[in-house]
Amino acid sequence: MEQLEPLDLEADVLVIGGGMAACWAALGAARAGAQVVLVDKGYVGTSGVTATGGPGHWWVAPEARAEAIEKRFLMGCGLADRTWMERIIDTTWRTLPTFANYYRFDVNDKGETVYPALRGPEYLRALRRAVLDAGVTLLDHSPALELLVHHDGSIAGARGVRRQKKQGWTARAGAGVLATGGCAFLSGLMGSNTNTGDGYLMAVEAGAELSGMEFSNHYSVSPRWNSTRVLIYAWARYYDVHGNELDVMPSKPHVMARAMREGPVYADLGDAPARLRELLPQIQPATPIPFVRKGVDPFRDRFEVKLFAEGTIRGTGGLRIVDDQCQTSVPGLFAAGDAATRELIAGATSGGGSPNSAWALTSGLFSGSGAARVARERGRRAAAPFVALGGAGLAPTSAVREVDRGALVRAAQDEILPLDKNLFRSGDALAASLDKLDAVWRELRQHDRGEGLDAVAARETAALVATARWCYRAAFDRNETRGMHERSDTPVARTELAPRQLVGGLDALWTRPEAHIGWSPSHA
């Protein structure tokens, strides 16, 4: 980084990320009176998976909440929390209508405003405008590389690089929010190419813990040749290579995955309502384009499908939070959206769709206001000494030598993406994959060092591999079947494994059950 002219910034709160959760976190902090800097790997307003879709939010009227919460709680296989669900639903219910100054909500045939379903591209652009109006300083195309901490372990800020300016940056802050999204392991999932697990790696280097990482094997269906959004597949019928209809559960694509071993699987959307066909270009404008380019009418023609790995995006795992404002176990460091565990609302099943969108909004607000509070209490401490924590990809433990990052990413993908290894799990297969992933990690940790703009690729590679290791170590040690985590060698749930499971470590990984931390959400 020495060759780059540095940019030095100071703020009360530093938000890292640029999607829905990051924007709401910046708004939460700014509304609490904090001076906020937001840095994003991409361009705020287009970053992440929300920008390509039509996100629905968990929108439940007060009189229907008890039933909705109980249904979701049972789906969570003992790992969800009813109080958190109520809090997320209520905050979403109260917040979305206040956004009408920035976003034009649709009106239905009865003249009622439709708040929960939004158009992703417009939603993200509106969030960018709101963030700028709140006085937040934005740094687009400015990925963070490493966290800074004081000698007491509390957050001091972060360092990164501005791609377009070819300039390093350092941001000192009294508190920080990681809203860097999940990790789809560069599977080709639409909108996920910036989601390589960077926030997980930076946080664990600071001493944070992860939770729910075993619930990371969600796959979404799309046309074979291109990932799309999944709305239209609610009406799909699926057929195997012999033309036999498959009995597919959207939440568990195991039947479809088994059929794919024998040959292509085809989707038929003939049952989709006519109204959907009319509105799809408005609701999810990116979805029809791959079909148009291929010359396929998805509502008339059967087409071959593929399962795209979503990792921790529609999975559940992420950084463990330890208080009602989404603070991690690192003092002054908060997590929001897919960077945080969603076990509190989803348990052992995917929160994909409306629960995850509601979580992104609310955890953003909670973490932003929480970070603002910590910054007020602690002060910025801009003159206090700090330590930069970046390890893998920045500070190798052995002799620097050229590393083929592309080959190492492919080696990691060969373990974490295949259905036969990640969807259909067994102890022996997980152990074999962990051995290979550990070898990839050692190569990166010992020898890779990126400098200047090259450091971005080095850190992305290290984060992707690290995330794969945490997912599989958690899956190996949860020696049971629970929710989306299914083990062929232990096909039933075990009472002694009921608690949430934490995972962490870098060179040496560890897991342990989460102890009761003695708190419950006290305010919205």
Of everything in the range 16-51, what is at pLDDT below 95 and open to solvent by 30 Å² or more (accessible area, probe 1.4 Å)? Give them in sequence order. Thr46
When the residues of the range 399-413 are narrowed to those that are touching a residue at least 12 places away in the same chain (Cβ under 8 Å) and under 25 Å from the mean Cα position of the chain (by Cα), which ends up least open to solvent (accessible area, probe 1.4 Å)? Ala412
Any pair with Cβ under 6 angstrom, 6 or more apart, that starts in the range 267-290 at a residue that is among the polar types (S, T, N, Q) and ends at one that is assigned to a loop (DSSP other than H, G, I, E, B): Gln284/Gly53; Gln284/Gly54; Gln284/Arg229; Thr287/Thr228; Thr287/Arg229
Can we say Asn193 is at pLDDT below 95, over 29 Å from Arg487 (Cβ atoms) and in contact with a Pro (Cβ under 6 Å, 6 or more places away or on another chain)? no
For residues that are more than 24 Å from Asn195 (Cβ to Cβ) and crowded, with 24+ Cβ neighbours inside 10 Å, tally how many sit in the range 150-166. 1
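Just checking, which of Ser369, Ser354 is at pLDDT 95 or above and among the polar types (S, T, N, Q)?
Details: Ser354 fails: at pLDDT 95 or above.
Only one candidate passes the filter, namely Ser369.
I need a count of the residues in the range 104-133 that are of a type in the set (Gly, Ala, Ser), surrounded by 16 or more Cβ atoms within 10 Å (Cβ to Cβ) and more than 22 Å from the chain's Cα centre (by Cα).
From the range 104-133, those of a type in the set (Gly, Ala, Ser) are 111, 117, 120, 126, 130; that's our starting set.
Narrowing further to those that are surrounded by 16 or more Cβ atoms within 10 Å (Cβ to Cβ): 117, 120, 126, 130.
Adding the requirement that they be more than 22 Å from the chain's Cα centre (by Cα) leaves 130.
Residues in the range 104-133 being of a type in the set (Gly, Ala, Ser), surrounded by 16 or more Cβ atoms within 10 Å (Cβ to Cβ) and more than 22 Å from the chain's Cα centre (by Cα): 1 in total.
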Every listed condition ((1) exposed (fewer than 13 other Cβ atoms within 10 Å of the Cβ); (2) modelled with pLDDT of 95 or more) holds for Arg487 save (1)
Return the pair list, or none, for Cβ contacts closer than 7 Å from residues in the range 465-481 that are touching a residue at least 24 places away in the same chain (Cβ under 8 Å) to residues that are open to solvent by 10 Å² or more (accessible area, probe 1.4 Å) and small (Gly, Ala, Ser), at least 6 apart or on different chains. Phe476/Ala431
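Only residues that are open to solvent by 40 Å² or more (accessible area, probe 1.4 Å) and among the aliphatic types (A, V, I, L, M): list them for the range 234-261, please. Give the derivation first.
Of the range 234-261, the ones open to solvent by 40 Å² or more (accessible area, probe 1.4 Å) are 234-235, 237, 241-245, 247, 249-252, 255, 258, 260-261.
Within the range 234-261, Ala234, Val241, Met249, Val255, Met260 qualify.
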Look at Ala457 and say whether it is open to solvent by less than 10 Å² (accessible area, probe 1.4 Å) and either closer than 23 Å to Ala339 by Cβ or in a helix (DSSP H, G or I) (or both). no
Determine the pairs where a residue that is within 18 Å of Trp93 (Cα to Cα), located within the range 342-368, has a partner that is open to solvent by less than 10 Å² (accessible area, probe 1.4 Å) and of a type in the set (D, E, K, R) with Cβ atoms under 6 Å apart, the partner being 6 or more residues away or on another chain. Gly351/Arg342; Trp359/Arg342
Note on Leu145: of the conditions (1) farther than 21 Å from Ala51 by Cα; (2) of a type outside the set (Gly, Ala, Ser); (3) open to solvent by 20 Å² or more (accessible area, probe 1.4 Å); (4) not in a loop (DSSP other than H, G, I, E, B), unmet is (3)
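To keep it simple, each residue is scored yes or no on (1) under 30 Å from Gly53 (Cα atoms); (2) hydroxyl-bearing (Ser, Thr, Tyr); (3) within 24 Å of the chain's Cα centre (by Cα); (4) crowded, with 24+ Cβ neighbours inside 10 Å.
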site: Ala348; (1), (2), (3), (4): yes, no, yes, no
site: Gly353; (1), (2), (3), (4): yes, no, yes, no
site: Thr362; (1), (2), (3), (4): yes, yes, yes, yes
site: Gly368; (1), (2), (3), (4): yes, no, yes, yes
site: Arg376; (1), (2), (3), (4): no, no, no, no
site: Ala382; (1), (2), (3), (4): no, no, no, no
site: Pro385; (1), (2), (3), (4): no, no, no, no
Given the residues Arg473, Arg478, which is the only one that is closer than 20 Å to Asp438 by Cα, under 21 Å from the mean Cα position of the chain (by Cα) and either open to solvent by less than 20 Å² (accessible area, probe 1.4 Å) or among the basic types (Lys, Arg) (or both)? Arg473
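Would it be correct to say that Ala395 is modelled with pLDDT under 95, closer than 30 Å to Ala11 by Cβ and surrounded by fewer than 17 Cβ atoms within 10 Å (Cβ to Cβ)? Walk me through how you get there before you give the answer.
Values: modelled with pLDDT under 95: no; closer than 30 Å to Ala11 by Cβ: yes; surrounded by fewer than 17 Cβ atoms within 10 Å (Cβ to Cβ): yes.
When the stated conditions are applied, Ala395 does not pass them.
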List the helices (runs of 4 or more DSSP H) that sit entirely inside the range 1-107 and contain at least 3 residues that are within 23 Å of Gly157 (Cα to Cα) and touching a Ser or Thr at 6+ places or on another chain (Cβ under 7 Å). 20-31
Hey, can you tell me all the residues within the range 423-437 that are touching a residue at least 24 places away in the same chain (Cβ under 8 Å), out of contact with any Phe, Trp or Tyr (no Cβ under 8 Å at 6 or more places or on another chain) and buried (at least 18 other Cβ atoms within 10 Å of the Cβ)? Arg425
Scanning the range 52-79 for residues that are open to solvent by 10 Å² or more (accessible area, probe 1.4 Å) and among the small types (Gly, Ala, Ser), which turns out nearest to Arg500 (Cα to Cα)? Gly78
Tally time: how many residues in the range 126-149 are under 19 Å from Gly197 (Cα atoms) and of a type outside the set (A, V, I, L, M, F, W, C)? 5
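The values are calculated or read from the model by the stated rules, or taken from the named source; none is laboratory data. Treat the numbers as computed from the prediction; the structure is a model and nothing was measured. Heads up, the Cβs are rebuilt from the backbone with ideal geometry, glycines too, and the neighbour counts pull from every protein chain shown. The protein model used for the area step is the full one, side chains on, heavy atoms only, and it has no ligands, DNA or RNA in it. Shrake-Rupley method; radii C 1.70, N 1.55, O 1.52, S 1.80 Å.
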